[in-house]
Each structure stands twice: as C-alpha cells, then as structure tokens.
Amino acid sequence: MQIITEPCQMQAIAEKLRLNRQLIGVVMTMGALHEGHLSLVKLARQSAGTVILTIFVNPSQFGLDEDLHQYPRPFEQDVALAKAAGVDYLFAPETESIYPKNHQTTLECGALGKRLEGERRPGHFNGVATIVTKLFHITKPHRAIFGEKDAQQLAIIRQIVTDLDLDITIVAAPIVREESGLAVSSRNIYLSNQERSAATILYQGICHAEKCIAGKMKNLPAIAAEIEQMIGSTPGCRPDYVVFVDEERFLPADTAEEEKEYRLLLAAWCGTVRLIDNSKFRA
Ligand code: PAF
C-alpha cells in the first residue's frame, strides 16, 4: 500500500491508472477506521481493480461547537487496518494542501442539505459536498462507496453526482451493527459503558417500526412518536428527531402507501454523544 499526501501526486497516479484501464474504487473517511469503514473497503475490493482510501478530517463540515479538535486521529492504527484490508493507495493529505490559504470556492447544497441533519448542523452538508467533490477530482474514481449509516449524506452525494453530471457510480453499503444492534460509528468511542447499552434504544426503535409496518400500521408520524417516547423514557437518552421520509425525495412522509419505500431517520443524545441511525422500509 502506498501512502500519498499531495493532491497532485494522487491525481497523477489516478490518471495513470485510468490510462491503464484500471477500475478505480474510492472509499472516503475521516479516519479512526472501524468495521463499518472496512466493510466499505471490502465492497470496493469486490468491484474495483484499484482501491483508494482517503483519510481527511474535513474542518469545513464541523460546526464551531463540534468536535473537530477532539476528533480521533489514530493514524498508525488506520494505516495497519487499511493495509490489512487490501487498500492500494491511502490518500491522507494535510489540511493546507486541501484548503490552501486562498481557497474560496465551496459547494452549496440545495433544500436537502438544509433539513434534518442540515438544520441541526448548519453548513455541515456544504462542507461535505465540497470535500467529496474535491476528492472525486483528486482520486478520479469510477465507483465510490458510501455507508447507508449517513443516509442523508448519501442522498446528497447522489444529488451532487446527478446535478454536476459526474461519471461516477455511487454504491451504498449496508449499516454495520454491533451484536447489540448499535450502529458502528467513530463517535461510539465517546460512549461510557452505560451510555453504550442505553444507545441500543435506537435499534430497538427500528425493530418497533418494523413490527408496526409488518402489522400494516399506516400512520408513520404515530409510529415515529412512539419511538420518540421509547427513547425519551430511556435513562440518559433524549430524542432529537425521529421521522419517516420517503426514500425518493427525503421529505417527511405521512401515510404508508403499499409498495412505496420509506426511511426511518433517528437522531438522539445518549449522554453527551449525539448518535444517528436509520432503516429502510417497504410498506
Ligand atoms: O462520512 C464521512 O466520514 C465524511 O462525511 C466524508 C464523506 C469522508 C467527508 O468528509
């Protein structure tokens, strides 16, 4: 595995790979690699000849009150995990080479970037859109694999690809869960043992929704309200939002219509840690 830090060097390598008809798969991360990231690399490995993994803690997607400076950066451990997972190139640039002093241009997401996570974290998705687009230009992938755990981010990236006519196939990777049902996330390391077990209420909420939908309950906001109540009555936990959206437009959904797909999105505080989770349903 080769470690690259300069965007122009990564671009030159990607260009050469393309000229040699290599299919490039990219997995973008902010490091602190875990089972979830490794499942993305595995998917990339299955469908691409060359796998590029990017590690970059992107300052432009963090709010002023967020954890940019505390964000875990176990680089040596990440290198070992990436190597063992079969990554060919690890692109890990310094902040200054991605955002030099005179950097001015950013991407502005539309309405989708302003709802839900975007409403709670103003500017977050503009930062994500900007870095993902820059990394697309630097790594020149044919395929890019993103986790379904960040469902709204995935929807926004699909929108970017459509809106900017990018010739890249976006592959969605299923959420990886611990045995308890807790979705694997870099932020889980901030959870105490007690919070970690309380946090499984998000997955229990998803299971509750599954039962309701299988039982032909049609009122989606009513199901969401029941899940909010479950989270709120769990010691140490506080719901932020629980909402069903239609899978196509990501707009709040009211009545479950036969054969249509919906996604339940959950965000909750467990102690001081804010967690998100989601699941797709067909009514
Ligand atoms: O999902 C993440 O880890 C980040 O938002 C991403 C896509 C790597 C952009 O910084």
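Note down, for region 55-185, the three equivalent ellipsoid semi-axes (square root of 5 times each alpha carbon gyration tensor eigenvalue), biggest first, whole angstrom. Numbers along the way, then the final one.
Working: eigenvalues 97, 76, 66 Å².
With the √(5λ) rule applied to region 55-185, the semi-axes are 22, 19, 18 Å.
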List the extent of the Cα atoms of region 221-261 along each of their three principal axes, largest first, rounded to whole Å. 36, 16, 12
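Please compare each pair in 218/280; 114/140; 83/149; 114/218; 216/260; 211/280 to a cut-off of 18 Å on the Cα-Cα distance and tell me which ones are over it. Mind showing how you got there, number by number?
Values: 218/280 15 Å; 114/140 28 Å; 83/149 24 Å; 114/218 27 Å; 216/260 13 Å; 211/280 13 Å.
Pairs exceeding 18 Å: 114/140; 83/149; 114/218.
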Under-5 Å amide H pairs with residue 283, H placed in peptide plane, nonlocal only: 259, 260, 262
Starting from the Cα of residue 240, step 7 Å toward the Cβ, then list every residue of region 49-88 with an amide N under 14 Å from that point. 62-68
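Mind checking region 232-283 for trypsin sites (Lys or Arg not before Pro) that DSSP puts in a loop (not H, G, I, E or B) and that have at most 11 other Cβ atoms within 10 Å? Write out the running numbers ahead of the final one.
Details: sites: 249, 260, 263, 274, 280, 282; in loops: 249, 260.
The qualifying sites are 249.
Counting other C-beta atoms within 10 Å, and keeping those with at most 12, which DSSP coil GluC sites (Glu not before Pro) do you find in region 50-130?
Numbers: sites: 66, 76, 94, 96, 108, 117, 119; in loops: 66, 94, 108.
Within region 50-130, the qualifying GluC sites (Glu not before Pro) (loop, at most 12 other Cβ atoms within 10 Å) are 94, 108.
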If I histogram all Cα-Cα distances within the chain using bins 5 Å wide from 0, what percent of pairs lands in each bin? 1, 5, 12, 15, 18, 17, 13, 9, 5, 3, 1, 0
Can you compute the FRET efficiency between residue 104 and residue 2 using 1/(1 + (r/R0)^6), with r the Cβ-Cβ distance and R0 = 25 Å? Round to the nearest 0.05. 0.20
Calculated SAXS-style log₁₀ I(q)/I(0) at q = 0.08, 0.11, 0.14, 0.19 Å⁻¹ - region 134-283, Debye, Cα scatterers: -0.25, -0.47, -0.73, -1.13
Out of the DSSP beta bridges found with both residues in the chain, what percent are antiparallel (nearest 5)? 50
Label model pair residue 178, residue 214: point-to-point distance (7 angstrom along the Cα→beta-carbon line) in nm is 2.5
Just to be sure I understand the curve: with the Debye formula and one point per C-alpha of region 230-283, what is log10 I(q)/I(0) at q = 0.19, 0.20, 0.25, 0.28 Å⁻¹? -0.66, -0.70, -0.89, -1.00
Direction-averaged shadow area of the convex hull around the Cα atoms of region 124-182, nm²? 4.4
For residue 16, the aspartates and glutamates lying under 15 Å Cα to Cα, once residues fewer than eight places off in the same chain are dropped, come out as 88
Using the Kirkwood formula over every pair of different C-alpha atoms, what hydrodynamic radius in Å results for region 20-74? 12.7
Between region 109-141 and region 223-268, how far is it from one alpha carbon centroid to the other, in angstrom? 23
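Using only the C-alpha atoms of region 186-230, find the volume of their convex hull and express it per residue in Å³. Don't jump to the answer; show the numbers that get you there.
Numbers: hull volume 3.4 nm³, N = 45.
Measuring per residue, one finds 77 Å³ for the Cα hull of region 186-230.
Read the figures in this text as sums done on the coordinates, not as results from a lab. Here the structure is a predicted model, which is why all the values come from computation and not from measurement. We place every Cβ from the backbone using ideal geometry, glycine too, and count neighbours over all the protein chains shown.
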